[in-house]
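Just below is one structure, and these are the notes that go with it.
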Amino acid sequence: MLMQDKLAYVTGVANHRSIAWAIAQVLDREGCRLALGYLGDREKQEIDKLVANLSRPPLLVSCDVTKDESVQEAFGVLGREFGRLDTVLHAIAFARREDLDGRYVDTSREGYHLALDVSAFSLNCLARGAEPLMTQGGGIVALTYLGSQRAMTNYNVMGVAKAALESGIRYLASELGPKGIRVNGLSAGPLRTLAARGIKDFSTAHKLHAERSALKRNTEMEEVADAALFLCSHLSRGITGEVLYVDAGYRIMGA
Ligand code: NAP
């Protein structure tokens, strides 16, 4: 029970395929009390269908990370209901389909702002909200992807957003470290989720990943969830500001 009596706010559960849902289930199994974030009524209906699979009912907390008042309200609820927080999972990303399909050079100003706002600045919002509640220190974990480091086909503005997210992880880790709050990234290999469906030719990327990775296979959801558990728990207490790759060894391979 690595997360016994811990309190976590998990964002990004859209449906049963979400990476955040796999992580929520592992945290629950390890004794963590959960609050799940959701965007609107449609998303809440999806979460309502899932929660029976958890050992105890989670707190459901609405949060749209593009709206300051929504974030404030969410952390107000968490403060009132939980009193403190130990863990926050950031599993949020969005870009317009046309900004993923075309050339990066053609990204509109509006599309750029939207992708960076939802996918990168949102980590600041969650960290700022969580800081006063992490009175016993804590762990913030954000999901990222190799497209932050390399120009990956059809990842475009989302790669730029992930680069900003990863840089943000280091700045936040440096600032919040004195309070015992750790901030880390988890860079997952391609997984078949709703967000992944928005990426053109995702299936090709998925297939190439299995062919070229060191382990000669794709990344599995459970592997990402287990690594997230490690980053959330005291087992990783000496690690902050890092990005951990869970990609079956894809990144290390040369030509
Ligand atoms: P997912 O299930 O579609 O999750 C994406 C989540 O972002 C959804 O829950 C979505 O909520 C949420 N979101 C979007 N806009 C939001 C907003 N304004 N406020 C709050 N939440 C918002 O897809 P996923 O693949 O699990 O993605 C989770 C994270 O993993 C993302 O950061 C993604 O970039 C990262 N990642 C994914 C892969 C992959 O191959 N799938 C690989 C590496 C990293 P709604 O659905 O309610 O809009």
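The values are calculated or read from the model by the stated rules, or taken from the named source; none is laboratory data. Small disclaimer: the values here were computed from a predicted structure and weren't measured. Glycine also receives a Cβ, built like all others from the backbone with ideal geometry; neighbour counts cover every protein chain displayed. All accessible areas refer to the heavy atoms of the entire protein, side chains included, with ligands and DNA or RNA removed. Shrake-Rupley method; radii C 1.70, N 1.55, O 1.52, S 1.80 Å.
Which of the numbered conditions does Lys216 fail, given that it passes all the others? Conditions: (1) at positive phi; (2) part of a helix (DSSP H, G or I).
Going through (1) at positive phi; (2) part of a helix (DSSP H, G or I) one by one, Lys216 breaks only (2).
Just one of (1) within 14 Å of the ligand (Cβ to nearest atom); (2) without any contact (Cβ under 8 Å) to a residue 60 or more places away in the chain; (3) open to solvent by 10 Å² or more (accessible area, probe 1.4 Å) trips up Ala115, so point out which.
Among (1) within 14 Å of the ligand (Cβ to nearest atom); (2) without any contact (Cβ under 8 Å) to a residue 60 or more places away in the chain; (3) open to solvent by 10 Å² or more (accessible area, probe 1.4 Å), Ala115 violates only (3).
When you go through (1) open to solvent by 50 Å² or more (accessible area, probe 1.4 Å); (2) more than 14 Å from the ligand (Cβ to nearest atom); (3) not charged (D, E, K, R) one by one for Phe94, which number turns out not to apply?
Against the list (1) open to solvent by 50 Å² or more (accessible area, probe 1.4 Å); (2) more than 14 Å from the ligand (Cβ to nearest atom); (3) not charged (D, E, K, R), Phe94 comes up short only on (2).
Condition first: touching a helix residue (DSSP H, G or I) at 6+ places or on another chain (Cβ under 6 Å), within 13 Å of the ligand (Cβ to nearest atom) and over 25 Å from Leu27 (Cβ atoms). Now tell me which residues in segment 200-233 satisfy that.
Phe202
Look through segment 1-20, keep the residues that are within 16 Å of the ligand (Cβ to nearest atom) and open to solvent by 80 Å² or more (accessible area, probe 1.4 Å), and return whichever of them is nearest to Glu43 (Cα to Cα).
Result: His16.
From Asp201, Asp247, which residue is on the phi > 0 side of the Ramachandran plot and not aliphatic (A, V, I, L, M)?
Result of the check over Asp201, Asp247: Asp201.
State the number of residues belonging to segment 45-67 that are over 18 Å from the mean Cα position of the chain (by Cα) and hydroxyl-bearing (Ser, Thr, Tyr).
1
Select from segment 219-242 the residues that are open to solvent by 30 Å² or more (accessible area, probe 1.4 Å) and either of a type outside the set (Phe, Trp, Tyr) or closer than 13 Å to Ala20 by Cα (or both) and list them in ascending order.
Across segment 219-242, the qualifying residues are Glu220, Met221, Glu222, Glu223, Asp226, His234, Leu235, Arg237, Gly238, Ile239, Thr240, Glu242.
Collect the residues in segment 177-199 that are surrounded by 14 or more Cβ atoms within 10 Å (Cβ to Cβ), within 6 Å of the ligand (Cβ to nearest atom) and not in a strand (DSSP E or B), keeping them in residue-number order.
Selection gives Pro190, Leu191, Thr193, Ala195, Ala196.
Out of Ala164, Ala142, Ala151, I need the residue that is loosely packed, with under 15 Cβ neighbours inside 10 Å, small (Gly, Ala, Ser) and modelled with pLDDT of 95 or more. Which one?
Going through Ala164, Ala142, Ala151 in turn, just one is loosely packed, with under 15 Cβ neighbours inside 10 Å, small (Gly, Ala, Ser) and modelled with pLDDT of 95 or more: Ala151.
Mind checking whether some residue in segment 22-34 is under 20 Å from Thr66 (Cβ atoms) and either surrounded by 14 or more Cβ atoms within 10 Å (Cβ to Cβ) or near the ligand (Cβ under 9 Å from one of its atoms) (or both)?
no
Residue by residue through segment 134-167, note down the ones that are within 13 Å of the ligand (Cβ to nearest atom) and small (Gly, Ala, Ser).
Ala142, Gly147, Ser148, Gly159, Ala161, Ala163, Ala164
Checking Val183 against (1) touching a Leu at 6+ places or on another chain (Cβ under 6 Å); (2) closer than 22 Å to Asp99 by Cβ; (3) of a type in the set (Val, Ile, Thr): exactly one of these is not met. Which one?
(2)
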